[in-house]
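The values are calculated or read from the model by the stated rules, or taken from the named source; none is laboratory data. Computed from a prediction, not measured in an experiment: that's the story for all the values here. Cβ: placed from backbone, ideal geometry, glycine included. Neighbour counts: every protein chain shown.
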Amino acid sequence: MNVSVNPPSISFFTSATFRTETIDQRKFDKFTDSLGYFLKRKQISYSVFETGYRGDFRYPRYFPSKILSPFILHWIAIKSLFLAKFPKELNELKGLDDLYSYLKKYSDLMSINDFRSLLKRALLIKNWSEYLKEILKKEKPKLVFLNASYGPFGMAICLASRELGITSVDVQHGVSGKYHFGYGSWHNVPQNTGYEVLPRVFWTWTKFDYDAIREWTEASANVHEPIVGGNPFLSLFKIESSLSLVEDARVKLKENFKSQWKNVLITLQPHDKLHPIQKKIIEFRIPNVRFWIRLHPDMKREEKEILRTLSELSGEIETDLANSLPLYTLLECMNLHITSSSATVFEAQQFGVHTLICDSNSSYFFEDVIKEGMASVIKEDEISEIKIKEYLNIKSDQKQKSTDIETAINTLVKKFV
């Protein structure tokens, strides 16, 4: 959405996936729309380009955006992945498959069949970037904001921006830190040039996330650098908590609350759906406890299956309001949060809500929250009704102060616009 007749200073590239909140019966992008609110207050012009995730376009949108044609993006993908031809000499090069095997051995994330498929993925990034460059040439922004820069499309945005001399900014959207493959522990960063497919700036939520990225960006002579900008939607929620859009949600929530009951928010993740530990806790049927089950935005395809599974469980379960009301409105009223690996761990901390982490393998993402006593790892053999009741009575006043998001915007604008 442009807020002035001037060319936009900033362009956003986002996905319908991030329209996770429903406000005033419109789909709200918790990062782009939140940042847009602060930019409009400062009279900074911006534009938004949006893709649909797996054909999912969420309407009506809170603020307008320009839809990137799925037909063009898919056609580029087909040409790159299925129709691409490489020189015959490539087949004669020795060691390519050995190199691929080495990469496969040390990375569980390599889901590509052979080295030639890896080259096709690189070609896809390059071809998408050429398409995006034409858009950016017309827009002429000074800054490009995006989420999830570690995927092929995110890399294409970074590459297009880099080749046009535009500063790309990855806005943290969830778990980050030194153990995340997209944000931590990059080695051998080319000094003075960095990597062309990584963002120029990493917008982080906390000093903890900032430090994890700063560990390796110093070697790039600041070609890549982090900045603490805070969680945009959380900042908006706290600053504008008296807005009707928030108050209406609070009223609706309270109308459906049962007095003297405890409330537990369970956030699901696509890779494990309803975790066995979460299921076991629900089936304890603890008196006067209600479970609010919130699906991950990427679980649209699994929604019917999840709801069917939940319908077979006994206990007080709420799904409609848990998925239609803003997350932070829910967290204001929760006594406990349970997840396997959701970034809601960080957000629950902001509201003084303790988190039980079901997946011990993901606990290292939340080391700082665990250290501060706002999260605990729970194992299946440790679960008991008595133990859960103890956690339900934990309510902390340890709420972190929100980052001054406008200071971060000022820093970026002053340096790059």
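Given the criteria over 23 Å from the mean Cα position of the chain (by Cα), assigned by TED's automatic domain parsing to the domain that holds ARG290 and on the phi < 0 side of the Ramachandran plot, does ILE357 qualify?
No: the conditions fail for ILE357.
When the stretch 135-144 is examined, which residues are found to be assigned to a helix (DSSP H, G or I) and either out of contact with any helix residue (DSSP H, G or I) (no Cβ under 9 Å at 6 or more places or on another chain) or on the phi > 0 side of the Ramachandran plot (or both)? Full working, then the answer.
First, the residues of the stretch 135-144 that are assigned to a helix (DSSP H, G or I): 135-139.
Within the stretch 135-144, LYS137, LYS138, GLU139 qualify.
Which of the residues belonging to the stretch 225-253 are out of contact with any helix residue (DSSP H, G or I) (no Cβ under 8 Å at 6 or more places or on another chain) and modelled with pLDDT under 70?
Hits for the stretch 225-253 are SER241, SER242, LEU243, SER244, LEU245, GLU247, ASP248.
Has the stretch 148-157 got any residue that is over 24 Å from HIS74 (Cβ atoms) and touching a residue at least 40 places away in the same chain (Cβ under 8 Å)?
Checked the stretch 148-157: no residue is over 24 Å from HIS74 (Cβ atoms) and touching a residue at least 40 places away in the same chain (Cβ under 8 Å).
Residues that are within 25 Å of the chain's Cα centre (by Cα), surrounded by 16 or more Cβ atoms within 10 Å (Cβ to Cβ) and modelled with pLDDT of 90 or more: does the stretch 65-72 have at least one?
Looking for residues that are within 25 Å of the chain's Cα centre (by Cα), surrounded by 16 or more Cβ atoms within 10 Å (Cβ to Cβ) and modelled with pLDDT of 90 or more, one finds at least one in the stretch 65-72, hence yes.
Can you name the number of the only condition in (1) surrounded by 15 or more Cβ atoms within 10 Å (Cβ to Cβ); (2) at pLDDT below 90; (3) of a type in the set (A, V, I, L, M) that LEU93 fails?
It is condition (1) that LEU93 fails.
Answer yes or no as to whether PHE291 is under 23 Å from GLN260 (Cβ atoms), among the hydrophobic types (A, V, I, L, M, F, W, C), out of contact with any Leu (no Cβ under 9 Å at 6 or more places or on another chain) and in contact (Cβ under 8 Å) with a residue 12 or more places away in the chain.
Criteria not met by PHE291.
Name the single residue that is surrounded by the most Cβ atoms within 10 Å (Cβ to Cβ) among those in the stretch 164-180 being in a loop (DSSP other than H, G, I, E, B) and over 14 Å from the mean Cα position of the chain (by Cα).
ILE166
What are the pairs, 6+ residues apart or on separate chains, where a residue within the stretch 161-185 that is over 18 Å from ASN222 (Cβ atoms) has its Cβ under 7 Å from a residue that is among the aliphatic types (A, V, I, L, M) and not in a strand (DSSP E or B)?
As it stands, the answer is LEU164/LEU136; HIS173/ALA148; GLY174/ALA343; VAL175/ALA343; SER176/ALA212; GLY177/ALA212; LYS178/ALA212; PHE181/LEU109, since those pairs meet every condition given.
Can you tell me which residue is farthest from LYS42 (Cα to Cα) among those in the stretch 5-19 that are among the hydroxyl-bearing types (Ser, Thr, Tyr) and at pLDDT 90 or above?
From the stretch 5-19, those among the hydroxyl-bearing types (Ser, Thr, Tyr) are 9, 11, 14-15, 17; that's our starting set.
From what's left, at pLDDT 90 or above: 9, 11, 14-15.
Values: SER9: 12, SER11: 16, THR14: 21, SER15: 25 Å.
Checked the stretch 5-19; the qualifying residue farthest from LYS42 (Cα to Cα) is SER15.
What pairs come up if the first residue lies in the stretch 17-35 and is among the polar types (S, T, N, Q), the second is not in a helix (DSSP H, G or I), and their beta carbons are under 6 Å apart, counting only those six or more places apart or on different chains?
From the stretch 17-35, the pairs are THR17/TYR53; THR17/PRO297; THR20/LYS30; THR20/PRO297; THR32/PHE12; THR32/THR14; THR32/VAL48.
In the stretch 190-226, what residues are assigned to a strand (DSSP E or B) and either aliphatic (A, V, I, L, M) or touching a residue at least 60 places away in the same chain (Cβ under 8 Å) (or both)?
Step one: of the stretch 190-226, the residues assigned to a strand (DSSP E or B) are 201-204, 225-226.
If the condition is that a residue be assigned to a strand (DSSP E or B) and either aliphatic (A, V, I, L, M) or touching a residue at least 60 places away in the same chain (Cβ under 8 Å) (or both), then VAL201, TRP203 are the ones that fit.
Condition (residue is farther than 20 Å from LEU118 by Cβ and touching a helix residue (DSSP H, G or I) at 6+ places or on another chain (Cβ under 6 Å)) applied to the stretch 192-199: is it met by at least one residue?
yes
Pull up the stretch 386-417, narrow it to residues that are of a type in the set (A, V, I, L, M, F, W, C) and modelled with pLDDT under 85, then point me to the one that is nearest to TRP261 (Cα to Cα). First the steps, then the outcome.
Of the stretch 386-417, the ones of a type in the set (A, V, I, L, M, F, W, C) are 386, 388, 392, 394, 405, 408-409, 412-413, 416-417.
When the remaining residues are screened for being modelled with pLDDT under 85, the result is 394, 417.
Values: ILE394: 14, VAL417: 51 Å.
Step by step, filter the stretch 386-417, then rank; the result is ILE394.
Is at least one residue of the stretch 45-53 in contact with an Asp or Glu (Cβ under 7 Å, 6 or more places away or on another chain), within 30 Å of THR329 (Cβ to Cβ) and either modelled with pLDDT of 90 or more or assigned to a loop (DSSP other than H, G, I, E, B) (or both)?
yes
Which of the helices (runs of 4 or more DSSP H) found entirely inside the stretch 301-391 contain at least 2 residues meeting this: among the acidic types (Asp, Glu)?
303-311, 367-371
Restricting the stretch 262-301 to residues that are exposed (fewer than 13 other Cβ atoms within 10 Å of the Cβ) and over 25 Å from the mean Cα position of the chain (by Cα), which is nearest to LEU327 (Cα to Cα)?
Residue satisfying both the conditions and the ranking: ASN288.
Touching an Asp or Glu at 6+ places or on another chain (Cβ under 9 Å) and either loosely packed, with under 14 Cβ neighbours inside 10 Å or not in a loop (DSSP other than H, G, I, E, B) (or both): is that true of ASP33 in this structure?
yes
Among residues belonging to the stretch 135-163 that are in contact with a strand residue (DSSP E or B) (Cβ under 7 Å, 6 or more places away or on another chain) and among the hydroxyl-bearing types (Ser, Thr, Tyr), point out the one that is surrounded by the most Cβ atoms within 10 Å (Cβ to Cβ).
Looking at residues that are in contact with a strand residue (DSSP E or B) (Cβ under 7 Å, 6 or more places away or on another chain) and among the hydroxyl-bearing types (Ser, Thr, Tyr), I get SER161.
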